[in-house]
Every structure is written in C-alpha cells, then in structure tokens.
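The values are calculated or read from the model by the stated rules, or taken from the named source; none is laboratory data. None of these values were measured; they are calculated from a predicted model. Note: ideal-geometry Cβ built from the backbone for every residue, glycine included; neighbour counts use all protein chains shown.
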Amino acid sequence: MGEENIYDTVIIGAGMSGLAAGIRLAQYDKHVCILEKHTVPGGLNSFYRQKGRNFDVGLHAMTNYAPKGVRKGPLSRLLRHLRLSWDELGLIPQLGSAIAFPGVTLDFSNQFGLLESQIAEKFPSQIDRFRKMTASLVDYDQLGLGESGGSAKEFVRSFLTDPLLINMLFCPIFFYGGARESDMEFGQFCIMFRSIFLEGFARPYEGVRHILTKLLKKFKTLGGELRLHSSVKQIVSQSGQVSKLILEDGTEIRAKQFLSSAGWRETMRLCGLKEPEKEVAPGKLSFVETISVLDRDPKRLGHNKTILFFNDSESISYRKPDSLVDVRSGVICSPNNFDYAKPLGEGQIRITALANFDRWAELGEERYRLEKLRCYDALIGSAVRFIPDFRGNIIENDMFTPLTVTRYTGKDSGAIYGAADKKYDGLTPLNNLYVCGTDQGMVGIVGAIVSGITIANRYLLAK
C-alpha cells in the first residue's frame, strides 16, 4: 500500500461545502487535499453532458440572492470569506415564481413586497398576522451553528390561522430544504423562509458548472489539491482521533485534521462507529426529477414562471410516498426563465417530485427502466395541469431516481437533504474529525458553502 505525505487537512467530498472549506483553509496556507470519488466535483449540485447537451444536477436556482452592493446576508458573507467578487458568480435574478394550489396562486419574486401584496389580496384576514410572523423570524447570524429547536408548524400556526395559506407557504420551503416528514425544525424554517421569500432566486447563465469552475479555480490557485476518482474505504482511528484514511485502491492518506461532507451516517459507517439508531437513522425523503428539452423557449408556450411549486389539494402531504412517485405535488423549474440578456437557446423544463427509495431499489433492471418511462409520463401529465402542455415540444429527455442520487452522492436512501436530525455543531466522536454540508444543517448551494466556511473557521483554522 502506498502512503502519502501528511496534510494539514483532508476533506472528503468535493461538493460545495467541501470546496468552500478547502478554499478557506488554503487562504491561510494550509496544506489541503480534497478527495472526490467521482470524476467531476459538485456532489448534490453537479453537471453532466449527454448527447451534446449540458445538464445541471440539483441546481434549480441559487437561493439567498442579493443584488450587487448589498452587504448583509449569507451571499455577501460567503463572498467576503472566499474573497470572491459579486460579478464572479454571474448571478442572474429570476423572472418570478409562484405557488399553485387548487383555485389559488401566490406569485412571488426577489422583491418581497409582491408576496405581501398577493397575500393581502387573496388572504386579507391573514396579512397582518403574516407581517408579524415575518418580523419575528430569527436573524441569519445563526447560519446553522446551533439548533433553534421546536416545530416550525407550531410557530407558523401561532400567527396564521388559515390552513390553506400555511400549506402554501410550506410547499416551497419543504421541497427546497425539508429533511423531515410534514414539519421542519424551527431554525431550518427561518433559514429557508428568508432564503426563498426575503431574498430569492438567481442562476448563472451557464448553470452550476460556472459556480464550480470558479470555486475550483480559486482552490487550486491557492495551492489546494483535488483528487478525483478517490473513494474513501475506511476512516481509521486510534486513541479517539483519526490517524489515516484508506482509499479503495489501498492508498493511505494522513492528516492532522479531517472534514467530511459525505453525511453523518455515511461518515460514521466509514469510521466503523455505531450509535443508537435515533442518532444515525437515514433520511426518509428522496425525489425523482425529469428533464425535458424543448424545441422552443417555454415562454413561447405561455410559461414564464422561473419556479412553480404545485399541489393538487388544499393540504400538502410532504412525506415518503407509498408508491414509486407522488405526482400530486412537486416543483416545475425552467432554466430559461431568468432575466438573461440573451436567451439560453433550447427550452428546458425540470420537474421534481417525492419518491420512495425502497420501491425503486426492489425493481429489477428491466422493470426499473420501464417504471422510469411510466413515471416520467405520469409526472409530466401531473405538471401540465398547472402550466401549458409542452408534451408536443419535447425533443429529448432524461430522468433521475433515488437510486441515481445514491449512486452519485453516496447518500443513504437517496436522501438529498440528509437526516432529519442535524449535527449543527459539526462535531463527531473523534476529536479531529468534523462534518459539514447537509447533515451539519445547511442546504442549498449558498447554505452548503456557508457550512464549509463556518466549520473551517470554527475548528480547523482555530486549531
């Protein structure tokens, strides 16, 4: 077995949180190596190429958008810590999004006043209550550093009394960050509410590839080392701390400190550590996503919403479905519908819905292929109840399932948002091993980047 030089820090996973932590450490002349088991970085937010087209994975839009010059909020904070300029991210704001339930649609944008006016118009008895609730939300200073416990549903119900409005507000918050069934921890709700409604959506013209390229260039320019196709087989510990990593090819890598973005349960399994099931239970919630390439811009078909969150009844069921896919609710996103100076070219519509990992996992190869086709058709059929029918304009398509998520991210049960119970402090039972990313409590691109920065600052640089 080969043995490598000792690093200051080794990071498992080249997702957004791992890259951000690597940049932050390299800024202080730390000898840092990031290990990525796949051939491309990005983790839950990556890209691939198929039949001459580029496709994003994970990214519908970056939340937490802030216009150039704004000095508050997570986006401004991450730019300062990573020493990036606002222009380098190339963010283009959304055209406008919506939440659609039977008989009621709430439009919202990056200007919070639009959502307020929509609620005042369609839920007039609730607008004062809504404003009081918004004013009471905690500030961003926590940023996942400590649990702010309690039920988000109970908090919202202490202000709002209309069940339909409550369900409509939770719909995008659940789909963009909900790791628990039917509810959310209060601190997570505060983060998601502000990131979606008070700040909003944006996207680089080139998609997630642009963000990853900027982060990778920054990391390598600072002397950081990235090893692709380097899967960790075992985290070896001795006397309460990690002594080395053993890769699948037998290579041994040593460091003073270690950071994992692989997920809490997944990291503990690499360590060979076992805890009570309630501490390491995998997340239950996974998704399917369809990608449809169109022969024209969706706006030419009458669809100009950036993201549309839909539900076909007054009450949303955000839980692991019994069937392969729950087509009753979901997210419809068009990468074309941002305020670009020039059009993207081909149209594209992506649709996301809740799915059952176990049901997909029990299918044989042929049945799996057929069920993908069936579920693709069913999900498109559900979506066109809420947007113009685009089925006659599809020229190419693809689809991922919970099994795809596990294959390319290592997440147990395809749980994109990780375990329901987060490790906000980033600590593990081993005193030189920390976790960042989804299971540390931050989701989305900005959240993941902030997580990496936060853990690096709090522990790895402090030592």
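Just to check your reading of the model, which residue among Asp107, Asp29 is acidic (Asp, Glu) and either closer than 24 Å to Ser292 by Cβ or in the same structural domain as Ile191 (by TED's automatic domain parsing) (or both)?
After ruling out the rest, the residue left standing is Asp107.
Any chance you could count how many residues in the range 347-383 are surrounded by 14 or more Cβ atoms within 10 Å (Cβ to Cβ) and either hydrophobic (A, V, I, L, M, F, W, C) or assigned to a strand (DSSP E or B) (or both)?
Counting residues in the range 347-383 that are surrounded by 14 or more Cβ atoms within 10 Å (Cβ to Cβ) and either hydrophobic (A, V, I, L, M, F, W, C) or assigned to a strand (DSSP E or B) (or both) gives 18.
Please go through the range 30-62 and pick out each residue that is of a type in the set (A, V, I, L, M, F, W, C) and either without any contact (Cβ under 8 Å) to a residue 12 or more places away in the chain or assigned to a loop (DSSP other than H, G, I, E, B) (or both).
Val40, Leu44, Leu59, Ala61
Please give the number of the condition Asp295 fails out of (1) farther than 25 Å from Leu165 by Cβ; (2) surrounded by 18 or more Cβ atoms within 10 Å (Cβ to Cβ).
Evaluating Asp295 over (1) farther than 25 Å from Leu165 by Cβ; (2) surrounded by 18 or more Cβ atoms within 10 Å (Cβ to Cβ) leaves (2) as the failure.
State whether the residues of the range 71-92 include one that is over 23 Å from the mean Cα position of the chain (by Cα) and at negative phi.
Checking the range 71-92: at least one residue is over 23 Å from the mean Cα position of the chain (by Cα) and at negative phi.
So Lys274 passes all but one of these: (1) at pLDDT below 95; (2) closer than 17 Å to Ala415 by Cβ; (3) surrounded by fewer than 21 Cβ atoms within 10 Å (Cβ to Cβ). Which condition number does it fail?
Single failed check for Lys274: (2).
Given the residues Asn393, Asn397, Asn432, which is the only one that is touching a strand residue (DSSP E or B) at 6+ places or on another chain (Cβ under 8 Å), within 19 Å of Phe287 (Cα to Cα) and touching a residue at least 12 places away in the same chain (Cβ under 8 Å)?
Asn397
Among the residues of the range 219-240, write down those that are among the polar types (S, T, N, Q), in a strand (DSSP E or B) and either surrounded by 15 or more Cβ atoms within 10 Å (Cβ to Cβ) or touching a Phe, Trp or Tyr at 6+ places or on another chain (Cβ under 9 Å) (or both).
Correct list: Gln234, Ser237.
Starting from the range 252-266, take each residue that is closer than 16 Å to Pro41 by Cα and not assigned by TED's automatic domain parsing to the domain that holds His31 and list its partners that are at pLDDT below 95 and surrounded by fewer than 24 Cβ atoms within 10 Å (Cβ to Cβ), counting only C-beta distances under 6 angstrom and pairs at least six apart or across chains.
none
Within the range 13-26, can one find any residue that is in contact with a strand residue (DSSP E or B) (Cβ under 9 Å, 6 or more places away or on another chain), in the same structural domain as Gly437 (by TED's automatic domain parsing) and part of a loop (DSSP other than H, G, I, E, B)?
Scanning the range 13-26 turns up at least one residue that is in contact with a strand residue (DSSP E or B) (Cβ under 9 Å, 6 or more places away or on another chain), in the same structural domain as Gly437 (by TED's automatic domain parsing) and part of a loop (DSSP other than H, G, I, E, B).
Against the definition (more than 21 Å from the chain's Cα centre (by Cα), not assigned by TED's automatic domain parsing to the domain that holds Cys33 and not in a loop (DSSP other than H, G, I, E, B)), how does Arg296 come out, yes or no?
no
Is it true that Arg269 is in the same structural domain as Gly437 (by TED's automatic domain parsing), in contact with a Pro (Cβ under 7 Å, 6 or more places away or on another chain) and either within 19 Å of Ser413 (Cβ to Cβ) or in a loop (DSSP other than H, G, I, E, B) (or both)?
When the stated conditions are applied, Arg269 does not pass them.
Check the range 390-409 and report whether any residue there is closer than 26 Å to Gln238 by Cβ, under 22 Å from the mean Cα position of the chain (by Cα) and buried (at least 18 other Cβ atoms within 10 Å of the Cβ).
no
Before we move on, is Arg194 within 22 Å of the chain's Cα centre (by Cα), surrounded by fewer than 23 Cβ atoms within 10 Å (Cβ to Cβ), closer than 28 Å to Leu427 by Cβ and not hydrophobic (A, V, I, L, M, F, W, C)?
Here the answer is yes, as Arg194 does meet what is asked.
For the range 419-438, which positions are within 15 Å of the chain's Cα centre (by Cα) and modelled with pLDDT under 90?
Once the filter is applied, which keeps residues that are within 15 Å of the chain's Cα centre (by Cα) and modelled with pLDDT under 90, the range 419-438 yields Ala419, Ala420, Lys422, Thr438.
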